[in-house]
1. Looking only at region 21-37, which residues are crowded, with 19+ Cβ neighbours inside 10 Å and either at pLDDT below 95 or touching a helix residue (DSSP H, G or I) at 6+ places or on another chain (Cβ under 8 Å) (or both)?
2. Is at least one residue of region 47-57 free of Cβ contacts under 8 Å to residues at least 12 places away in the same chain and under 27 Å from Cys208 (Cβ atoms)?
3. Considering only region 172-200, how many residues are of a type in the set (Lys, Arg) and either under 20 Å from Gly228 (Cβ atoms) or loosely packed, with under 13 Cβ neighbours inside 10 Å (or both)?
4. Please indicate, with yes or no, whether at least one residue in region 60-74 is within 12 Å of Val132 (Cα to Cα), among the β-branched types (Val, Ile, Thr) and in contact (Cβ under 8 Å) with a residue 40 or more places away in the chain.
5. Has region 201-224 got any residue that is surrounded by fewer than 13 Cβ atoms within 10 Å (Cβ to Cβ), basic (Lys, Arg), modelled with pLDDT of 90 or more and not assigned by TED's automatic domain parsing to the domain that holds Asn95?
6. When residues of region 81-122 are filtered for being in contact with a strand residue (DSSP E or B) (Cβ under 7 Å, 6 or more places away or on another chain) and part of a loop (DSSP other than H, G, I, E, B), how many remain?
7. Looking at (1) closer than 18 Å to Gly210 by Cβ; (2) out of contact with any Leu (no Cβ under 6 Å at 6 or more places or on another chain), which is the only condition Met155 fails?
Amino acid sequence: MSENGKPRVAFFDFACCEGCQLTVVDSLQTHLDLLDAVDIVEFREAISDQSDDYLVAFIEGSCTRESDEARLKKIRERAAVVVALGACAHTAGLNALKNLHPLEDVREWVYGDKADWYDTYAARPISAVIEVDAVIPGCPIDREEFVSVVKALLMGKTPPVPDYPVCVECKLKENVCLLLEGKPCMGPVARAGCDAICPTYGDGCEGCRGLIPHPNDNAMKDVLEEAGLTVDQVMSRMTMFNTYPLQEKEAVAGEEVK
């Protein structure tokens, strides 16, 4: 805690685009009360200060190299509460797409003849390295959900994360199901909480908030095939944001995600 009694909050980034942190900056412009409730002691997108003294750590980005692990563990040791901020930290997000290919091929595609200069390995969510106390899903996160999570943490509560599918929110908004129109949508297996923003505007859900508990992957693949997608297109849709959790699930089942 700060001398003024406010909890000290820090923001950190690993492999990501930092779009979730920009959403945080955006949310603070319309919720100035949060700035009165906490002391932000580290936040590269907004301030130049750095500190090793913080109570709550928000972490954006996935773990993609061995050196990330030591840094994550150091943050975990110092923070009483760690929050995974966005899809990359939550599920490894888009970064995990590289896990579908041989690592040496990926290094060469990205770095060319300088591939051996850069240390990297398969992308993982931060929960694969350290314990995470709360998650704010999405790519990017929802600004209002961020505000709600911060308020819950300040009251000592565990922020709730919806465990029902996006289809529920579509029904509440009385949207016409995109699957009935032959358009691909991950709504039946994707985690809600975004107010079905993509389907509402006619774009099928890609599951950026992760999957619901115990999703019926096989049924979802059948539904996408019925929408006219090829096998490759179906898997592209399934793995856009959820390569890591799908690979973990298939590893347990002794299968392989391609």
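The values are calculated or read from the model by the stated rules, or taken from the named source; none is laboratory data. Here the structure is a predicted model, which is why all the values come from computation and not from measurement. Heads up, the Cβs are rebuilt from the backbone with ideal geometry, glycines too, and the neighbour counts pull from every protein chain shown.
1. So the first thing to find is which residues in region 21-37 are crowded, with 19+ Cβ neighbours inside 10 Å, and the list is 21, 23-24, 28.
Hits for region 21-37 are Thr23, Val24, Leu28.
2. Taking region 47-57 first, the residues free of Cβ contacts under 8 Å to residues at least 12 places away in the same chain are 47-50.
Right, trim to under 27 Å from Cys208 (Cβ atoms) and you get none.
No, every residue in region 47-57 fails to be free of Cβ contacts under 8 Å to residues at least 12 places away in the same chain and under 27 Å from Cys208 (Cβ atoms).
3. 2
4. So far as region 60-74 goes, no, none of its residues is within 12 Å of Val132 (Cα to Cα), among the β-branched types (Val, Ile, Thr) and in contact (Cβ under 8 Å) with a residue 40 or more places away in the chain.
5. no
6. 2
7. (1)
A quick yes/no check of all residues on (1) under 21 Å from Leu34 (Cβ atoms); (2) touching a helix residue (DSSP H, G or I) at 6+ places or on another chain (Cβ under 6 Å); (3) surrounded by 15 or more Cβ atoms within 10 Å (Cβ to Cβ); (4) at pLDDT 95 or above:
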{"site": "Leu94", "(1), (2), (3), (4)": "no, no, yes, yes"}
{"site": "Tyr118", "(1), (2), (3), (4)": "no, yes, no, no"}
{"site": "Pro140", "(1), (2), (3), (4)": "yes, yes, yes, yes"}
{"site": "Glu144", "(1), (2), (3), (4)": "yes, no, no, no"}
{"site": "Pro159", "(1), (2), (3), (4)": "yes, yes, yes, no"}
